[in-house]
Each structure stands twice: as C-alpha cells, then as structure tokens.
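Beneath this line is the structure, given in structure tokens, with notes to follow.
The values are calculated or read from the model by the stated rules, or taken from the named source; none is laboratory data. Just so we're clear, the structure is a prediction, and the values are computed from it rather than from any experiment. Cβ: placed from backbone, ideal geometry, glycine included. Neighbour counts: every protein chain shown.
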Amino acid sequence: MIALGMMSGTSLDGIDCALVDLRSRGDAVTPAVLDARTFAFDDATAELLAAVVRHGRSDLASIAHLHHRLGLAHADAAERFLDGRSVDFAAMHGQTVFHDGAASVTLQIGDPFALRERIGASVCFDFRSADCALGGSGAPLVPYVDALLLADPQEKRVALNCGGIANVTLLAPGVKPDDDRILAFDTGPGNMLLDAWMLESSAGRHGYDENGDRAARGATDARLLASMLEDPYFAMAAPKSTGRERFGEAFLGRFRSALRALDLDDALATLLELTVESIARALELHRFADARILCSGGGARNGAFLRALGGRLSQARVETSDAVGLPIDAKEAIAFAVLGYETLRGRSANLPSVTGARRRSVLGAVAPHDLSALLARIAMERP
C-alpha cells in the first residue's frame with residue numbers, strides 16, 4: 001500500500017512530504033520510506049499564515065482564504081513531489097491555527113479536496129477531532145506510531161520531536177501501541193521562540209539560527225531563564241499539550257524587554273536553554289533521563305541543541321531518528337501516513353493515556369476517491 005504522508009507543523013516553514021510503502025502483518029505496520037522532501041510555502045501563503053497564525057488575525061475571510069490556499073499548497077507540493085508517481089491514498093495533517101487542549105478544542109485547516117482532485121486518490125484528514133469529541137486534547141497523536149515503530153524489547157527510548165513545539169513519547173522496554181504505560185506530552189517550546197527571536201532581531205532577514213551557531217557562542221542569562229521556567233505549563237501534570245497560543249508572540253511579549261537587553265547571541269543561548277531545560281526536567285521527572293533519545297524535527301538539525309541536551313542529560317544517548325531509519329524532516333509525515341492507514345482499516349489510533357480521551361477511537365475523516373476499490377484492496381492484504 002503506497003501512501004503519501006503530509007505534515008505542516010508549528011514552525012510554519014513548509015510542507016513535509018513522505019512517500020511510504022506500508023506493509024501490514026496483523027497489528028503491526030511496517031513503513032518503508034521511498035522518498036521524502038520538504039516544500040516551502042509560496043510567499044502569498046506564507047504571508048497569510050503569518051498574519052493568521054503568528055499575529056492572530058482572526059476574521060473569517062482570512063481564515064477561509066488560508067484554508068483554500070493551504071489546500072492548493074498541499075496539492076502543489078504533492079504534484080511536484082510525486083512527479084507522476086501514483087499513490088493508493090494520502091494523509092494530510094493540515095495546519096493548526098488554534099489549539100486549546102485543556103478545553104478539547106483544536107483546529108487544523110487546509111482543503112483536502114484540492115489535494116484529492118490533484119492526485120486522484122482518497123485523502124485522510126482531520127485526525128484530531130475524534131479524540132477531542134471524547135474529551136481528549138487531540139494531541140499528541142504521533143505517540144501511537146512511535147510505539148509501533150520505535151519501541152524496543154529491551155531498550156528504554158524517548159521519541160523526541162523538536163519542531164516549533166517539543167514533544168516526547170516515553171517508551172518503556174517492550175511497550176505495545178495499546179499499552180497504558182505509554183506517556184507522551186508536549187514539554188514546551190522547541191524551535192518556536194528561537195526562530196521568532198531570530199526573525200525579529202534580524203528585521204525579517206533570518207528565520208532561524210543555523211545549526212545553533214549563534215546560540216552556541218552566547219551565554220545563558222540564568223535569571224531570565226529561571227523567570228521563563230516559572231510559566232505554569234512546565235509544572236502541569238501530563239497529559240498536556242500546548243502550542244503557539246502559549247509559547248508564541250504572547251510569551252515573547254512577556255520577556256521582550258529582558259531579551260532586548262541582552263546581546264543577540266546571549267538571548268538565543270537563553271532561549272535554547274529554555275528548550276533544553278524543559279525537556280530535561282520532564283524526562284527526569286518520569287525517570288527517562290537515562291534513555292536513548294531519538295530526535296526528529298528541525299531541532300535535530302541544530303547541533304548546539306543536540307550537544308546541549310546531551311550535556312544536560314549525561315546518562316542519556318542523544319541521536320537523531322535517522323539512526324533508526326526515520327528521516328528527521330519526514331518522521332511526522334510518515335506518522336500521518338500510518339495514521340491514515342489505520343483510519344482506512346477502521347482501527348483506533350489515539351491513546352487515552354496520552355490525550356486524556358475517555359476511550360480509544362478511530363481517527364480521521366476521508367475525502368473519498370474510488371473509496372470502495374481502495375477499501376477492497378486493504379481488506380485483501382494479508383493479516
């Protein structure tokens with residue numbers, strides 16, 4: 001079963017695409033990654049994204065136009081990526097424009113029918129609503145796939161995704177996808193504050209600190225870091241999830257004057273340490289500070305971040321997810337391809353121990369294209 005997985009995350013940097021060959025054996029799903037690539041948003045879409053998501057423009061017309069533009073952006077990215085190759089189905093996460101996990105409210109937009117018409121295949125989408133309908137936070141959902149693909153019979157592992165927000169899945173040795181021992185949650189900011197401060201400080205010329213080079217040259221302001229770590233989110237018990245609403249512009253606004261008083265390198269070093277410290281404290285709290293940590297997302301390309309995390313957690317083994325065959329920029333796109341497959345198989349894929357939902361549930365909706373034939377092919381696959 002050939003699937004196209006597509007992910008647009010909180011970093012707002014583009015659409016990750018993964019072409020995946022999915023093989024099922026009973027409860028297990030094995031994905032073979034055939035190709036992966038990221039496509040940046042065009043200028044018009046990026047500008048509207050920034051207005052709606054970064055700066056809180058909330059009029060209905062802007063959101064409707066963004067929904068339309070994102071659908072076309074996904075269709076364009078898929079067309080360029082596939083380059084004539086066919087797929088059995090696609091799964092798209094969409095772009096989160098609002099998230100309040102505690103209230104079971106989340107919204108991802110991007111017209112799936114634009115993608116369906118362009119690639120001529122069914123599209124799975126809207127994966128979070130079913131969990132929210134059961135009182136869950138709708139996030140994170142990737143831990144189900146983490147358990148399928150990364151759990152080890154003997155090794156304690158942490159799947160760390162450091163995108164705009166950082167999240168962890170804690171995998172005890174031998175854990176299974178339906179195991180109540182799985183704990184996963186957002187630890188707090190990943191790259192979001194770093195990227196935002198770099199963009200603001202460079203008057204829009206630079207969107208990120210490449211490899212963390214400037215942060216590595218700076219010195220952490222301990223007093224400012226301690227003040228940031230007083231945010232109530234860090235002390236909240238899991239399950240929990242967060243987003244730009246807490247760790248975006250509003251958070252920067254609280255500390256902008258203190259950050260401006262610092263040299264840019266020192267400000268970036270302090271924000272980097274906020275990410276590192278919040279992750280480290282979460283792992284220490286749950287006794288996973290000595291685990292093998294497999295990092296994906298943009299943070300996995302930040303050498304300063306990986307070194308700092310390894311130094312802070314001296315008993316851990318910090319690597320990128322490339323080490324286990326999951327490309328760092330495509331891991332979540334791969335995960336949503338798997339989640340889409342579970343949708344089409346009618347199998348539950350949320351984890352109540354992670355999201356707080358009342359029970360497990362089949363996730364996602366389907367924009368159908370010759371759906372009966374697709375479901376017949378899935379039914380014929382060897383169990």
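Say whether the condition of being β-branched (Val, Ile, Thr) and over 25 Å from Arg358 (Cα atoms) is met by at least one residue in segment 111-119.
Checked segment 111-119: at least one residue is β-branched (Val, Ile, Thr) and over 25 Å from Arg358 (Cα atoms).
Report, by residue number, each residue of segment 196-233 that is within 19 Å of the chain's Cα centre (by Cα) and either modelled with pLDDT of 95 or more or among the β-branched types (Val, Ile, Thr) (or both).
Tyr233, the sole residue that qualifies.
Please verify whether Ser122 is over 22 Å from His65 (Cα atoms) and polar (S, T, N, Q), treating the condition exactly as stated.
yes
Being in contact (Cβ under 8 Å) with a residue 12 or more places away in the chain and charged (D, E, K, R) is the filter here, so list the residues in segment 201-234 that pass it.
Answer for segment 201-234, where residues must be in contact (Cβ under 8 Å) with a residue 12 or more places away in the chain and charged (D, E, K, R): Asp209, Asp213, Arg214, Arg217, Asp221, Asp231.
Could you run through segment 277-296 and say how many residues are in contact (Cβ under 8 Å) with a residue 60 or more places away in the chain, among the aliphatic types (A, V, I, L, M) and either within 24 Å of Ser227 (Cβ to Cβ) or outside the structural domain of Ala159 (by TED's automatic domain parsing) (or both)?
3
If you go through segment 302-321 one residue at a time, do you hit one that is over 20 Å from Arg157 (Cβ atoms), in a loop (DSSP other than H, G, I, E, B) and in contact with a Ser or Thr (Cβ under 6 Å, 6 or more places away or on another chain)?
The answer is no, given that none of the residues of segment 302-321 is over 20 Å from Arg157 (Cβ atoms), in a loop (DSSP other than H, G, I, E, B) and in contact with a Ser or Thr (Cβ under 6 Å, 6 or more places away or on another chain).
Mind listing whichever residues of segment 322-344 are of a type in the set (A, V, I, L, M), closer than 15 Å to Asp146 by Cβ and in a helix (DSSP H, G or I)?
Ala323, Val324, Ala333, Ile334, Ala335, Ala337, Val338, Leu339, listed by residue number.
Picking from Leu351, Leu306, which residue would you name as being over 30 Å from Ile119 (Cα atoms), without any contact (Cβ under 8 Å) to a residue 40 or more places away in the chain and buried (at least 21 other Cβ atoms within 10 Å of the Cβ)?
Leu306
Given the structure, is Asp265 touching a helix residue (DSSP H, G or I) at 6+ places or on another chain (Cβ under 6 Å) and at pLDDT 95 or above?
The answer is yes for Asp265.
Here is a list: Ala203, Ala215. Which entry is assigned by TED's automatic domain parsing to the domain that holds Thr270 and under 24 Å from Ala282 (Cβ atoms)?
Ala215
Would you point out the residue of segment 166-188, among those that are aliphatic (A, V, I, L, M) and outside any loop (DSSP other than H, G, I, E, B), that is surrounded by the fewest Cβ atoms within 10 Å (Cβ to Cβ)?
Leu183
Read through the list (1) touching a residue at least 60 places away in the same chain (Cβ under 8 Å); (2) assigned to a helix (DSSP H, G or I); (3) surrounded by fewer than 19 Cβ atoms within 10 Å (Cβ to Cβ); (4) among the aliphatic types (A, V, I, L, M), then give the number of the only condition that Val53 fails.
(3)
The conditions are (1) under 26 Å from Gly297 (Cα atoms); (2) in a helix (DSSP H, G or I); (3) modelled with pLDDT of 95 or more, and Ser353 fails exactly one of them. Which is it?
The number of the failed condition is (3).
Does segment 255-278 include one or more residues that are of a type in the set (Lys, Arg) and not in a loop (DSSP other than H, G, I, E, B)?
Looking for residues that are of a type in the set (Lys, Arg) and not in a loop (DSSP other than H, G, I, E, B), one finds at least one in segment 255-278, hence yes.
Does any residue of segment 5-21 turn out to be at pLDDT 90 or above and in a loop (DSSP other than H, G, I, E, B)?
Looking for residues that are at pLDDT 90 or above and in a loop (DSSP other than H, G, I, E, B), one finds at least one in segment 5-21, hence yes.
Do you know which residues across segment 90-121 are assigned to a strand (DSSP E or B) and either closer than 19 Å to Asp76 by Cβ or not assigned by TED's automatic domain parsing to the domain that holds Ser372 (or both)?
Result: Ala90, Ala91, Met92, Gln95, Gln108, Ile109.
Can you tell me which residues in segment 132-150 are in a helix (DSSP H, G or I) and touching a helix residue (DSSP H, G or I) at 6+ places or on another chain (Cβ under 9 Å)?
Cys132, Val142, Pro143, Tyr144, Val145, Asp146, Leu148, Leu149, Leu150
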